[in-house]
Number of protein chains: 2
Amino acid sequence: MRRAQVLRDALEQDIVTGKFRPGDRLDEQSLAARFEVSRTPIREALMQLASTGLVELQARRGAFVASLSFKDVVERFEVMAALEGMCGALAARRITEAMQRELEKAHEDCVREASQENADAYYYANERFHHVIYEACQNIFLAEQAQQLHARLKPYRRLQLRARSRVANSLAEHQGIVDAIHAGDSDRAERLLREHILIQGERLADFIASFDRAA
Amino acid sequence: MRRAQVLRDALEQDIVTGKFRPGDRLDEQSLAARFEVSRTPIREALMQLASTGLVELQARRGAFVASLSFKDVVERFEVMAALEGMCGALAARRITEAMQRELEKAHEDCVREASQENADAYYYANERFHHVIYEACQNIFLAEQAQQLHARLKPYRRLQLRARSRVANSLAEHQGIVDAIHAGDSDRAERLLREHILIQGERLADFIASFDRAA
DNA sequence: AAGCGATTTATTGTATACAAGATTGTTGAC
DNA sequence: GTCAACAATCTTGTATACAATAAATCGCTT
């Protein structure tokens, strides 16, 4: 695999996990020294990350870890709602039986993990649930776009408090979505998924607004 | 402005206008010689174009003008429908009076140009109409995503025959959309815009399917 | 002492040189 | 005549050197 790809993944990981924080400067030379490569593949990696919106390139000023304002986050969740709603609508019409089983299994996993106290395990089960829906829509491009935006919002989701009450509501919403897709009711699937995402967005925006003094 | 940016625009123009055709190889050296720069900014420009999906980078194989298959086009129009539908829904709730006037003016321009025989002028008036809707949604990120995908599909739209009957229908649809947004009916605006885009996608996909023997 | 300006310094942007891998052409054997 | 293997060549990927621009510091003037 190309070095720049490896560097891209490493940098992405460092940003997502919070090693680099929003607003941090990403100096090419320092990164080159740290990863023991030249500036060329570093620059390539930074440009790729810029295209996904994870870093911001300022002309002749360098690269910075992008920081989303309150408004930015709300905006992205609105787009996420549109994309994921469309995934649900298409999935309700097109989902295969195999995918249907996977979706039900993913939902069951969410329920099981929620009953445990392991917040991370629930987080990943929830992520899996949504990824199954992305794939179930049978539109590769749509699934890619949804996954990309989902990933872009990941560092912000990790900030979120695991409110137990929200988890219970979330599971109920998941059940409704599974039912709608199973029934082939594309309108209901779309509406429920859209609301599910927008609620998450509002919760997260509130949380960010209370912490993000930089914005 | 950075050279790479200029090169990016120039290459994009050449691809969109059909100077380079889907599947064409984009040799770094040739491009560097043609634009009288080194390979470095050429590579940067190609990577940026790859991030928008206009060119495809194959590892150790080079860059090629991306060619969308029948399925690819249909998929992108489905996403376009979701994004533009959301734009319409939000615009119906949030549009300013100034934007409302711009939208009506853009629609009137479409009607006027349609009555003339200048296909290009109608094409640009139509483009303007959709761009106003993107901006009217008051979600900058959503507007950017919609514009980017719109631009990505541009070279394929240019292939399309200007069927007069389709233009008449299109104008009627535009009128319905303007009315729905004006009435603040977000559900109707979303549904009408979505259908408007999906119809275009189907038309275009039929056309491409009859020509694109490579796919 | 404070503010403005020039010079220095550091960092990005571009060019070129080098290395690694892929493609293609040629040559030989079957 | 065809297929395969090897070699030559061409192209991408990376490193380094150089140029240009923006930030910062130091000095001068008021």
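The values are calculated or read from the model by the stated rules, or taken from the named source; none is laboratory data. This is a predicted model, so every value here is computed, not measured. FYI the Cβ positions are ideal-geometry reconstructions off the backbone, even for glycines, and counts take in every protein chain you see. Accessible surface is based on the protein model in full, side chains and every heavy atom, while ligands, DNA and RNA are left aside. Shrake-Rupley method; radii C 1.70, N 1.55, O 1.52, S 1.80 Å.
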Report task. Compute the accessible area per residue over the range B:70-211, keeping the other protein chains in place, probe 1.4 Å, unit Å². Result -> 45 Å²
**Report entry** Loop-exposed GluC sites (Glu not before Pro) per DSSP, neighbour cap 16 Cβ within 10 angstrom, longest uninterrupted part of chain B
**Finding:** B:118-215
Query raised in the report: In nm, what does the list of distances from B:Arg166 to its counterparts in the other copies look like, shortest first, when each label sits 7 Å along Cα to Cβ?
Result: 4.6
Report summary line: Counting only protein heavy atoms with a 1.4 Å probe and every protein chain in place, the carbon and sulfur fraction of the accessible surface of the range A:3-65 in whole percent equals 43 percent
**Report entry** Accessible area that becomes buried as B packs against A, both chains, 1.4 Å probe, Å², nearest 100
**Finding:** 2300 Å²
Query raised in the report: Where does the range B:164-205 land on the Kirkwood hydrodynamic radius, alpha-carbon pairs, in angstrom?
Result: 10.5 Å
Report task. Have a look at the range B:70-211 and give its Rg and Dmax from the Cα atoms, expressed in angstrom. Result -> 14.2, 44
Report summary line: Per GNM of chain A with C-alpha springs under 10 angstrom, the most fluctuating residue out of A:Arg93, A:Arg34, A:Arg21 is A:Arg34
Query - Cα-Cα P(r), the range A:1-118, percent of pairs per 10 Å interval - result: 12, 28, 23, 25, 12, 0
Query raised in the report: P(r) tail for the range A:137-206, what percent of Cα pairs lie past 15 Å?
Result: 63 percent
Query - Karplus 3J(HN,Hα) series, Hz, for the range A:3-17 with 6.51 cos²θ - 1.76 cosθ + 1.60 (x for Gly, Pro) - result: 4, 4, 5, 4, 4, 4, 5, 5, 5, 4, 4, 4, 6, 5, 7
Query - Distance between the range B:102-181 and the range A:117-192 - C-alpha centres, whole angstrom - result: 33 Å
Requested in this report: Rank these residues by their accessible area, most exposed first, probe 1.4 Å: B:Arg60, B:Arg8, A:Arg157, B:Arg112.
Outcome: B:Arg60, B:Arg112, B:Arg8, A:Arg157
Report task. Would you calculate the volume per residue, in Å³, of the smallest convex hull containing every Cα atom of the protein assembly as shown? Result -> 169 Å³
Report summary line: Placing each pseudo-label 7 Å from Cα in the direction of the beta carbon, B:Thr40 and B:Ser115 end up separated by a distance in nanometres of 5.7 nm
Report task. Report the accessible area of A:Met99, computed with a 1.4 Å probe over the heavy atoms of all protein chains in place, in Å² rounded to the nearest 10. Result -> 30 Å²
Report summary line: Those cysteines in chain B that have no second cysteine Cβ within a distance under 4.7 Å are B:Cys110
Report task. Mind checking which chain A residue has its Cβ closest to the axis relating A to B, and how many whole Å off it is? Result -> A:Ser51, 2
Report summary line: Taking chain A and counting helices only, DSSP H stretches of n ≥ 4 at -39,500 (n - 2.57) each over all residues, the nearest-500 ellipticity at 222 nm comes to -25000 deg cm²/dmol
Query raised in the report: When only Cα pairs under 8 Å and 6 or more residues apart are kept, what is the percent relative contact order across chain A?
Result: 26 percent
Report summary line: Taking the label point 7 Å from Cα along the Cα-Cβ vector, the copy-to-copy distances for B:Arg3, listed from shortest in nm with one decimal, are 2.2
Query raised in the report: Based on the Cα coordinates of the range B:3-65, what is the per residue volume of their convex hull in Å³?
Result: 73 Å³
Report summary line: Per residue convex hull volume, Cα only, the range A:94-167, in Å³ is 82 Å³
